Amino acid sequence: MTTIQVDLPTGPTVVSADWFSGGNGVTVLVAHGAGTGKDHPFLTGFTEALGGLGFSTLRFNFPYVEQGRKMPGPAAHATSTWRAAVAFARAQEPGNSVWATGKSYGGRMASMAIADGLVVDGLAYLGYPLHPPGRPEKPRVEHLPAIAVPQLFVEGTNDPFIQPISQFEEAVASCQDARVVWIEGGGHTFEVKGQKRPASELGASLAPIVAEFTRR
């Protein structure tokens, strides 16, 4: 485990992170969802599977988790953390391409940072939270057309955050370069009704999808 310094609007802080050097020339950064932290089994399973495929990985916390709070802080704190994480990863292996991934909130915060100028080679969402469940009138889409790098949306067909799917498809169509990989029957954490699989296994199952995306 290591720490990353983050310069927030309120002053500097540090967040915990886990760095792994894979050796294949590609670094994947992994951010957690709103209600978890970097050590959630879904994320550790996903990250370890990427490491097994030769990728360098950086999994990190947002400041509110580091401070023991359950609810996310200002978006500016999360986007600042993304910038610090990318800078840290580039310093470790300067020759690598750098790809951002995030579960739900973590991916959305990456997208906001990238729309605002953060430079990465691509962005993969592990369940994009298009809107709060049952609130399609509150879409989080304004910034998506500003993202120029390739985007991959990995989505469960039963995810309540993207219903109706037609609205989600319109959001993807507004992007400059985006594609979707559907997980049939999957919910927001990619669980499928009637199939009991550990969270770590669910996360690991998505690693080959993201790996293929980085090779496009």
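The values are calculated or read from the model by the stated rules, or taken from the named source; none is laboratory data. These numbers come from a predicted model, not from an experiment. Note that we place each Cβ from the backbone using ideal geometry, even for glycine, and neighbour counts take in every protein chain shown.
Apart from one condition, residue 106 fits all of (1) touching a residue at least 60 places away in the same chain (Cβ under 8 Å); (2) touching a helix residue (DSSP H, G or I) at 6+ places or on another chain (Cβ under 6 Å); (3) assigned to a helix (DSSP H, G or I); the exception is (2). Of all residues in the stretch 150-163, those satisfying the criterion of being in a loop (DSSP other than H, G, I, E, B) and either over 19 Å from residue 193 (Cα atoms) or touching a Gly at 6+ places or on another chain (Cβ under 7 Å) (or both) are 150, 157, 158, 159.
Against the definition (assigned to a loop (DSSP other than H, G, I, E, B), in contact with a Pro (Cβ under 9 Å, 6 or more places away or on another chain), surrounded by 14 or more Cβ atoms within 10 Å (Cβ to Cβ) and at pLDDT 95 or above), how does residue 77 come out, yes or no? It is false that residue 77 is assigned to a loop (DSSP other than H, G, I, E, B), in contact with a Pro (Cβ under 9 Å, 6 or more places away or on another chain), surrounded by 14 or more Cβ atoms within 10 Å (Cβ to Cβ) and at pLDDT 95 or above. In summary, residue 95 fulfils each of the numbered conditions (1) in a helix (DSSP H, G or I); (2) in contact with a Gly (Cβ under 9 Å, 6 or more places away or on another chain); (3) farther than 22 Å from residue 180 by Cα with the single exception of condition (1).
Evaluate the stretch 48-62: report whether one residue or more is touching a strand residue (DSSP E or B) at 6+ places or on another chain (Cβ under 8 Å), without any contact (Cβ under 8 Å) to a residue 40 or more places away in the chain and in a helix (DSSP H, G or I). Checked against the condition, which is being touching a strand residue (DSSP E or B) at 6+ places or on another chain (Cβ under 8 Å), without any contact (Cβ under 8 Å) to a residue 40 or more places away in the chain and in a helix (DSSP H, G or I), the stretch 48-62 yields at least one hit. In the stretch 16-23, is there at least one residue being over 19 Å from residue 189 (Cα atoms), modelled with pLDDT under 95 and surrounded by fewer than 18 Cβ atoms within 10 Å (Cβ to Cβ)? Yes, because at least one residue in the stretch 16-23 is over 19 Å from residue 189 (Cα atoms), modelled with pLDDT under 95 and surrounded by fewer than 18 Cβ atoms within 10 Å (Cβ to Cβ).
Results for (1) out of contact with any Pro (no Cβ under 9 Å at 6 or more places or on another chain); (2) of a type outside the set (Lys, Arg), shown as yes or no for each residue.
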residue: 98; (1), (2): yes, yes
residue: 110; (1), (2): yes, yes
residue: 117; (1), (2): yes, yes
residue: 125; (1), (2): yes, yes
residue: 130; (1), (2): no, yes
residue: 140; (1), (2): no, no
residue: 154; (1), (2): yes, yes
residue: 157; (1), (2): yes, yes
residue: 163; (1), (2): no, yes
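The set of residues in the stretch 192-209 that are under 17 Å from residue 125 (Cβ atoms) and surrounded by 14 or more Cβ atoms within 10 Å (Cβ to Cβ) comprises 202, 203, 205, 206, 207, 209.
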